[in-house]
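So the structure is just underneath, and the comments pick up after that.
The values are calculated or read from the model by the stated rules, or taken from the named source; none is laboratory data. For clarity, every value in this text was computed on a predicted model and none was experimentally measured. We place every Cβ from the backbone using ideal geometry, glycine too, and count neighbours over all the protein chains shown.
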Amino acid sequence: MKQLRVLHCRQGDQVWGPERQILQLAEWMPRLGISMEIVLLRRWGLDSSPHPLAARARELGCPVHEVPARPGDWPGVVRLLRQRLGECDLLHTHEFKSDLLGYVATRLSSRPWIATDHHLAADEDFMLRAFAYADRWALQRTQAVVVPSYSQASILSRHIAPDRIHVIHHGIDAEAFAHSAEPRRGELRHRLGVSDSQPVVSIIGRLDPIKGHSVFLETARLLLDQRPEIQFWVIGDGKLRKRLDAHSAGLGLTDAVKFWGYQNDIAPWIAASDVIVMPSFHESFGIVLIEAMSLAKPIVASAAGGIPEVVLDGHNGYLATPGDPRQLSERVLQMLSNPAAAVQLGLAGKDRVSKYFTTEQMALCMADLYRSILAGEASRQIPTVSRNSASVSLP
């Protein structure tokens, strides 16, 4: 079988879910006869230290080109992509800036191009709406668009021909993640002054309006009225930090809510938590969910976007109406008040990850897509799936 080489392009300043998935592919693809190379766009220009994604990818033997990606740098980025595509068979982009620059580069190099739409471009202000419009225009010109959930496929099919949309669920190496996490659970709690018996409820992700951190704080206020011993962890950073600090103080949560900032390695933070909450208003998938499930952590999340494809209500976690802190607090209280039931939900989640959300499954599907695109085969239609069935066979 011919050795293929795929060039990935992503803009990023930290390691979030999409970066972790790219690293998973960098580890797995060589086993499937596909080598990878990464062009990493640095929004604010280069600094003295390599991006964590670049450092880890290089450890895996994957070449990485870190380049500045300010507006004046874009022609240079296109030149680099075009140059590297001379050595690669296919381009795979991962967000709207890399989509737009990738479109230009592949037009100049005549290489096939696919894109992963990880989270749908937001439209909070004029500039982001303009980028979202431009991104949809570019995605219409790909050979294929990969999305991590059927929910996102349905939304994207309003703009992209459905026969070019491919649902490939994100995956995780559960064994490696657990190995990284568990030995440090007690160590982390001890360092932070949290006893083994004190409940910890955590939210993990960038501080962005769509993630529902304000709802999390309101949920914390309701829970503390009944369980004042709970500690709440906010793990992540972003543009809402100051606003959330003020909101927390206004709700009288300063002692109970701890903002721990961005953590490059979230495994021990999940392991040290008792319940993981995801109150998002939209999620294309929610990689933190499968990471928590792999550690058998009970989950309370919004029934939004692709989340119900990952968390089945009452089977491996609980779902709540988006934006409803009272319902979220009731669900979390159910978990904390019935530890035996919470354990069963956690174990069901761990089993679900092993069946449907592994790195191997993700990599095999992606490799199959690469080869079919390069062979010029027709794209497959999006299959249908019942999102509420615990026994559904996900592709």
**Asked** Is region 253-266 home to any residue that is closer than 16 Å to residue 17 by Cα, in contact with an Asp or Glu (Cβ under 9 Å, 6 or more places away or on another chain) and surrounded by 20 or more Cβ atoms within 10 Å (Cβ to Cβ)?
**Response** yes
**Asked** Tell me, which helices (runs of 4 or more DSSP H) wholly within region 177-276 include 2 or more residues that are touching a residue at least 60 places away in the same chain (Cβ under 8 Å)?
**Response** 185-191, 213-224, 267-271
**Prompt:** Hey, any hits in region 320-329 for a residue that's surrounded by fewer than 24 Cβ atoms within 10 Å (Cβ to Cβ) and closer than 21 Å to residue 117 by Cβ?
**Reply:** yes
**Complete:** Of the candidates 20, 79, 31, 58, the one satisfying the condition of being surrounded by fewer than 16 Cβ atoms within 10 Å (Cβ to Cβ) and within 23 Å of the chain's Cα centre (by Cα) is 58
**Asked** Of these, 134, 144, which one is under 27 Å from residue 85 (Cα atoms), outside the structural domain of residue 289 (by TED's automatic domain parsing), surrounded by fewer than 21 Cβ atoms within 10 Å (Cβ to Cβ) and touching a residue at least 12 places away in the same chain (Cβ under 8 Å)?
**Response** 134
**Message:** Among the numbered criteria (1) of a type outside the set (D, E, K, R); (2) in contact with a strand residue (DSSP E or B) (Cβ under 9 Å, 6 or more places away or on another chain); (3) within 28 Å of residue 283 (Cβ to Cβ), which one does residue 23 miss?
**Reply:** (2)
**Asked** Can you tell me how many residues in region 296-327 are in a loop (DSSP other than H, G, I, E, B), within 17 Å of the chain's Cα centre (by Cα) and not β-branched (Val, Ile, Thr)?
**Response** 4
**Request:** From 360, 291, grab the single residue that is surrounded by 24 or more Cβ atoms within 10 Å (Cβ to Cβ) and assigned to a helix (DSSP H, G or I).
**Result:** 291
**Message:** Quick check on region 82-108: of everything there that is polar (S, T, N, Q) and free of Cβ contacts under 8 Å to residues at least 40 places away in the same chain, which residue is surrounded by the most Cβ atoms within 10 Å (Cβ to Cβ)?
**Reply:** 106
**Item:** Single unsatisfied condition, residue 159 versus (1) surrounded by fewer than 20 Cβ atoms within 10 Å (Cβ to Cβ); (2) more than 30 Å from residue 346 (Cα to Cα); (3) touching a Ser or Thr at 6+ places or on another chain (Cβ under 8 Å)
**Value:** (3)
**Request:** Report, ordered by the first and then the second residue, all pairs with beta carbons closer than 6 Å, sequence separation of six or more or different chains, a first member in region 32-51 that is part of a loop (DSSP other than H, G, I, E, B), and a second member that is surrounded by 22 or more Cβ atoms within 10 Å (Cβ to Cβ).
**Result:** 43/69; 51/40
